[in-house]
Amino acid sequence: MSLIVVTDIHGAPEAELCFSRGLPVTARLSLAGLCGQPALSGEALHHHLFKENGMARAIAALNDRLADQPHLIGLGYSAGGTALWKAVQAGASLAGLICVSSTRLRDESAIGVPTQVFFGETDPGRPSEDWLDSVPDKATVLPNAAHAFYADADHPARADVIREITRALTLGRDF
């Protein structure tokens with residue numbers, strides 16, 4: 001198994017902070033590149049993705065990229081996880097999906113691949129307990145973690161998340 005990584009609207013986390021470090025990665029993609037706006041980042045990219053149909057372009061690009069690669073596990077950070085989730089809804093084939101701080105998933109329904117999500121306990125956009133209990137296959141709420149905990153090299157939750165992602169990658173479909 002190998003990972004395909006999609007970063008957040010800021011291009012975070014940097015490669016050396018990515019939870020995939022040391023694991024087999026097929027590609028590391030940015031949302032800005034996927035939606036055809038490589039110069040955008042932060043709030044400008046967020047606006048383009050969610051107000052100007054940029055997410056639809058990102059989803060289409062992911063579907064093209066993931067064609068005939070059902071052995072990959074997606075790893076998406078924040079809006080990157082949302083793009084991967086929506087790509088699977090639109091027909092992309094993944095062996096599994098791991099989303100980190102993808103708060104917009106709170107409005108999504110279950111998808112047909114194994115899913116594991118991670119959210120910070122102090123992230124105000126975190127989905128409800130009902131969603132966490134019913135939509136993803138596995139949900140972990142990390143104590144004392146904010147939305148962008150994944151970009152903090154010293155956050156104590158990093159080791160637990162890396163261990164879980166390594167386990168998911170090793171086990172494949174058995175998240």
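Here, each number is a calculation from the coordinates, and none is a lab measurement. Not measured: the values here are computed from a predicted model. As a convention, Cβ positions derive from the backbone with ideal geometry for all residues, glycine included, and neighbour counts pool all protein chains shown.
Odds and ends about this structure:
- Over region 2-171, relative contact order from alpha-carbon pairs under 8 Å, at least 6 apart, %: 21
- Multiplying the residue separation of Ser109 and Glu43 by 0.36 nm and subtracting their alpha-carbon distance yields 21.2 nm.
- With contacts taken as Cα pairs under 8 Å and at least 6 residues apart, region 1-68 reaches a relative contact order of 31 percent.
- Of the trypsin sites (Lys or Arg not before Pro) found in region 1-84, those that fall in a DSSP loop while having at most 14 other beta-carbon atoms within 10 Å are Arg21.
- The 3J(HN,Hα) values that the Karplus relation (6.51, -1.76, 1.60; θ = phi - 60°) gives for region 83-96 are, in residue order, 4, 5, 4, 5, 5, 5, 4, 8, x, 5, 10, 10, 7, x Hz. Gly and Pro appear as x.
- Amide H contacts of Ser2 (H built 1.01 Å from N, under 5 Å, at least 5 apart or other chain): Ile73
- Lys/Arg +1, Asp/Glu -1 at C-beta; the chain dipole; positive extreme among Thr115, Gly91, Gly125: Gly91
- For the chain, the 222 nm mean residue ellipticity estimated from helices alone, with every DSSP H stretch of n ≥ 4 adding -39500 (n - 2.57) and the total spread over all residues, rounds to -9500 deg cm²/dmol.
- Cβ-placed point charges (K, R +1; D, E -1), dipole of region 1-122 about Cα centre in debye, nearest 20: 140
- Sorted ascending by nearby beta carbons within 10 Å, beginning with the fewest, Thr7, Thr103, Thr140 become Thr140, Thr103, Thr7.
- Dividing the convex hull volume of the alpha-carbon atoms in the chain by its residue count gives 101 Å³ per residue.
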